[in-house]
1. With each label point set 7 Å from Cα along the Cα-Cβ vector, what nm distance links residue 63 and residue 192?
2. What value in Å³ per residue do you get for the convex hull of the alpha-carbon atoms in segment 33-204?
3. Along the positive direction of the dipole of segment 33-204 (beta-carbon charges: Lys, Arg +1; Asp, Glu -1; about the Cα centre), which of 114, 157, 86 reaches farthest?
4. Which order, highest average first, do 123-129, 148-154, 87-93 follow once you tally other Cβ atoms within 10 Å for each residue and take the mean per peptide?
5. For segment 84-171, how big is the tail of P(r) above 23 Å, as a whole percent of Cα pairs?
6. Using mean Cβ contacts within 10 Å as the protection proxy, how do 77-84, 137-144 order, highest first?
Amino acid sequence: MQTVPTFPQPITPGDPQRRTWLLASSAMGVAATAAVAMPFVSSFAPSERAKAQGASVSMDPAVVAPGQVKTVEWRGQPVWVMRRTPDMLTTLEDMQGLADPYSEKPQQPAYATNAHRSIKPELLVTVGICTHLGCSPVTLPEGTANASVPPNWKGGFFCPCHGSTFDFAGRVFRNKPAPTNLVVPPHQYLADGTLLIGEDGPGAA
Ligand code: FES
């Protein structure tokens with residue numbers, strides 16, 4: 001595990017994968033009315049060499065306020081860490097119209113096959129890349145005026161590229177282009193509460 005202080009994340013010219021999702025995220029933040037962008041704040045990240053080797057990254061989840069999402073880069077991908085409110089968690093319990101409500105497809109570790117798809121109910125950790133063609137979804141809260149979601153929308157993630165929708169557990173709705181739920185990466189919580197993304201371990205239980 002490598003940990004470094006907060007730093008702004010430049011777009012590296014030699015990293016086309018990262019550039020793609022960064023640009024996609026920017027464009028869709030403009031396109032999706034009332035969408036809430038995920039702050040790209042990678043509070044803690046490994047060195048460039050360690051990233052190339054697939055090193056795990058760590059962050060303090062306490063920096064994520066209720067209802068907010070922070071983004072951390074892991075293996076060149078944006079990983080969202082979202083602190084869900086009690087109301088958000090309530091909507092997950094009886095969400096209708098999901099394609100894989102019980103997380104039966106292998107998109108997550110075993111400890112994330114529950115309704116909230118996470119170790120700690122309030123903290124979602126998921127790769128912020130649409131499972132259709134790799135665009136970056138945005139957050140659309142309940143009550144949004146965005147016409148791309150139904151009137152009974154309970155809040156979740158919306159991919160403006162082709163209209164896939166996901167709930168706040170990253171579960172995709174039926175009859176959408178995205179074939180599977182968002183990916184939950186291996187992760188765990190260390191004894192001091194630090195979130196470690198990229199490794200399973202005792203703190204994953
Ligand atoms: S890339 Fe997200 S719906 Fe197509």
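Any read-out appearing in this document is the output of simple, stated calculations on the displayed coordinates, not a laboratory observation. Small disclaimer: the values here were computed from a predicted structure and weren't measured. All Cβ positions, even for glycine, are placed from backbone atoms using ideal geometry, and neighbour counts span all protein chains on display.
1. Between residue 63 and residue 192, the simple spin-label model gives 1.4 nm.
2. Spelled out: Cα convex hull of segment 33-204, divided by residues, is 111 Å³.
3. Most positive-ward Cα: 157.
4. Those peptides, ordered most packed to least, come out 123-129, 87-93, 148-154.
5. 16
6. 77-84, 137-144
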